[in-house]
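Engineer: What follows is a single structure, and I will ask about it in a moment.
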Amino acid sequence: MLVLRNRSIKGIKKIFPGFKASEVQGVRDIRYDWRMRNEPIRTMQTKPFTDQRPGTSGLRKKTKVFEQPHYVENFAQAIFDSLKDKSGFSKETLAIGGDGRYFNRTAIQKIIRIAAANGFRQVLVGRSGFLSTPAMSALIRRRNALGGILLTASHNPGGADGDFGIKYNVRNGGPAPEGVTERIYEETKKIERYLTLESGDVNLEREGTTVLGNTHVTIVDPLFDYTEVQKGLFDFSAMQALFQSGFRLRFDAMHGITGIYARHILEELLGAPAGTVVRGEPLEDFGGIHPDPNQLHAAGLVQSMSMSGAPDLGAACDGDGDRNMILGRNFFVTPGDSLALIAQHAAECLPGYSSGLKGAARSMPTSTAVDRVAAKLGIRCHETPTGWKFFGNLMDAGMCTICGEESFGTGSDHVREKDGLWAVLAWLGILAVRRTSVARLVADHWETFGRSYYQRHDYERLDLKSASEMIAGLRETIAGLAGTEMADTRVLNADDFQYTDPVDGSISMRQGIRIILADESRLIGRLSGTGTEGATLRLYFERCRPDGGEPVEEMLRPLVSAAEELFQLKRRFHRDTPSVIT
Ligand code: VG1
Ligand code: CO
């Protein structure tokens, strides 16, 4: 083992001519371990698994499925096989990390060996195998990596009996688009061998470089690149002043990966009092909860925001740190309103956006609140299918700065993933300038733009076959609904949403049953692409009104009854209440 301490980059280059400065960015001690450099490459025989088609966001299954021999290896090799052109990977960097859930470290060690055997020049791994999804995106972009492999099933529960997942992100830092995931799937169906090394494990706990075959495996600080990106967007001193003035935040990391980022940025850099971040240690099973930041799974936070003496702002993030929930005192901000409000105030309150927004975007089921803000700002608002991968092209082409989804996803073109902590920083930045309450800010927004009364109802663990048949049946008949009476008004248009990407012309069909009513209300139904048990039906309800003070349930009741009739959930599935309402 060779340890180079506090050397200048120039000094190291003299010793190792192939050395690249990006390898040690944010690293204090530059350590090199050469012991595994002569490991021979092994070709392992394998057989295809038939179930490795990625869904809305990567390959997600029960952990037990991933623990089968060769399962992770096949998928990793299939990713590399799908990417390989003649030049191979000898000039390329691959990033690896995950949300700290059970099986993360095992999967990471396997993937490191396969990446090394496939000839990557460099592999970057977050210390302890940690990288949040947005931090992965930042790392890929800043270190010019070919792509990144994320070990996470996001907001799904973890542990030996929970879920595991693998997502592949491409060079722009974003989730692989459908063309890429389909190519990976094709490779998984015909795979016969994978390449690996018989080396021991790389020490993931210590920053530094292990030379494995021809590959430099560098353990990096998972916080460094991400934090640098956030510093460039927000006025940290204004936020420090906000905390100094007595402003209080409660941030629930739900034992996911965001805890390490939130403690560093909120408590260490912005001076929020210790204890601001709760459930901050990443745990392999998230302490037994669903790390999903909504009113049901983060009920404790919701409750603490409704007690007397509650903090000014409440926030939570999911397992891999790309989702966020925003709460005021006794006040829930819908993800659609949060997106609209950030877009509304960004240029005036957040330095990274002071030159204005190039455009906005939302997924189809997301509320139209941001559309109204975009119209006022004179920018376009794009409507994409569900899944962050659809925003990447728009951002790369400079057509969109801020985007979001109703599923607690908000983000901007600073990376190519949704970014939970970014949304919290955006709210802090806005509140630091506006100096008012969350509830007041939202009420002002409704006064100016009107309100989208909005809810999503999820029906989980439905029989997969009948749910698929139901959607297929509706697809056939849906167009006939146009002109009929529904929910005290008339159906203006009913279809199965189809999207043509304005940048590359690719077409995505069958993206959700959509009914638009004459009063601009919307009723949408689609099957989830991230579940691991049976089918999950998601029903989305939106009703726009110029005033904001009505109870949501009452406002949406006619739409909910119309959906019950249309989807016949009672008759088909014997369900009369949803599993989760958000
Ligand atoms: C869900 C959400 C979608 C989100 C996706 C990944 O997909 O609806 O908006 O992009 O999860 O989020 P589906 O197909 O189950 O509706 V995450 O935080 O799991 O990366
Ligand atoms: Co997530």
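The values are calculated or read from the model by the stated rules, or taken from the named source; none is laboratory data. It should be emphasised that the depicted structure is a prediction, and the values quoted were computed from it without experimental measurement. For neighbour counting, all protein chains shown are included, and Cβ atoms are generated from backbone atoms with ideal geometry for every residue, glycine included. All accessible areas refer to the heavy atoms of the entire protein, side chains included, with ligands and DNA or RNA removed. Shrake-Rupley method; radii C 1.70, N 1.55, O 1.52, S 1.80 Å.
Engineer: I'd like to know if region 451-468 contains one or more residues that are open to solvent by less than 50 Å² (accessible area, probe 1.4 Å) and more than 28 Å from the chain's Cα centre (by Cα).
Structural biologist: Yes: region 451-468 contains one or more residues that are open to solvent by less than 50 Å² (accessible area, probe 1.4 Å) and more than 28 Å from the chain's Cα centre (by Cα).
Engineer: Need a quick list: helices (runs of 4 or more DSSP H) entirely within region 253-364 having at least 3 residues that are under 30 Å from Thr500 (Cα atoms) and outside the structural domain of Gly525 (by TED's automatic domain parsing). Lay out the reasoning, then the answer.
Structural biologist: Values: elements: 258-262, 299-304, 335-349.
Qualifying helices (runs of 4 or more DSSP H): 335-349.
Engineer: Here's something else I'd like to know. So, of the residues in region 365-395 that are assigned to a strand (DSSP E or B) and under 20 Å from Pro175 (Cβ atoms), which turns out to be nearest to ligand 2 (Cβ to nearest atom)?
Structural biologist: The qualifying residue nearest to ligand 2 (Cβ to nearest atom) is Thr384.
Engineer: Looking at region 519-537 only, could you name the residues that are more than 16 Å from ligand 2 (Cβ to nearest atom) and within 19 Å of Phe497 (Cβ to Cβ)?
Structural biologist: Glu520, Ser521, Arg522, Leu523, Ile524, Gly525, Arg526, Leu527, Ala535, Leu537
Engineer: So Met486 passes all but one of these: (1) under 24 Å from Ser57 (Cα atoms); (2) more than 16 Å from ligand 1 (Cβ to nearest atom); (3) at pLDDT below 90. Which condition number does it fail?
Structural biologist: So the condition that Met486 fails would be (1).
To keep it simple, each residue is scored yes or no on (1) touching a Ser or Thr at 6+ places or on another chain (Cβ under 6 Å); (2) within 16 Å of ligand 1 (Cβ to nearest atom); (3) in contact (Cβ under 8 Å) with a residue 60 or more places away in the chain; (4) within 19 Å of Thr448 (Cβ to Cβ).
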| position | (1), (2), (3), (4) |
| --- | --- |
| Glu348 | no, no, yes, yes |
| Thr386 | yes, yes, yes, no |
| Phe391 | no, yes, yes, no |
| Asp396 | no, no, yes, no |
| Met399 | no, no, yes, no |
| Leu428 | no, no, yes, no |
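Engineer: Something else: Checking Gly158 against (1) within 22 Å of Asn324 (Cα to Cα); (2) under 15 Å from the mean Cα position of the chain (by Cα), which single condition isn't satisfied?
Structural biologist: (2)
Engineer: Still on this structure, please answer the following. Kindly establish whether Ala487 is of a type outside the set (S, T, N, Q) and open to solvent by 20 Å² or more (accessible area, probe 1.4 Å).
Structural biologist: For Ala487, the condition - of a type outside the set (S, T, N, Q) and open to solvent by 20 Å² or more (accessible area, probe 1.4 Å) - is not met.
Engineer: Leu339 - would you say it is within 16 Å of ligand 1 (Cβ to nearest atom) and closer than 23 Å to Asp235 by Cα? If you could, list the steps in order and put the result at the bottom.
Structural biologist: Working: within 16 Å of ligand 1 (Cβ to nearest atom): yes; closer than 23 Å to Asp235 by Cα: yes.
For Leu339, the condition - within 16 Å of ligand 1 (Cβ to nearest atom) and closer than 23 Å to Asp235 by Cα - is met.
Engineer: Which count do you get for residues in region 393-413 that are more than 12 Å from the chain's Cα centre (by Cα), more than 23 Å from Lys376 (Cβ to Cβ) and crowded, with 24+ Cβ neighbours inside 10 Å?
Structural biologist: 0
Engineer: Right, next: Wholly within region 121-238, which strands (runs of 3 or more DSSP E) include no fewer than the required count, namely at least 1 residues that are closer than 30 Å to Gly288 by Cβ and of a type in the set (Val, Ile, Thr)?
Structural biologist: 122-130, 147-151, 163-169, 215-220
Engineer: Count, please, the residues in region 51-74 that happen to be within 17 Å of Asp320 (Cα to Cα) and of a type in the set (Val, Ile, Thr).
Structural biologist: Adding up the residues that qualify gives 2.
Engineer: Just for region 306-358: of the residues that are open to solvent by 10 Å² or more (accessible area, probe 1.4 Å) and of a type in the set (A, V, I, L, M), which one is modelled with the lowest pLDDT?
Structural biologist: If we take residues in region 306-358 being open to solvent by 10 Å² or more (accessible area, probe 1.4 Å) and of a type in the set (A, V, I, L, M), then Met307 is modelled with the lowest pLDDT.
Engineer: On to the next question. Restricting the search to region 130-144, which residues are more than 16 Å from ligand 2 (Cβ to nearest atom) and buried (at least 24 other Cβ atoms within 10 Å of the Cβ)?
Structural biologist: Correct list: Leu139, Ile140.
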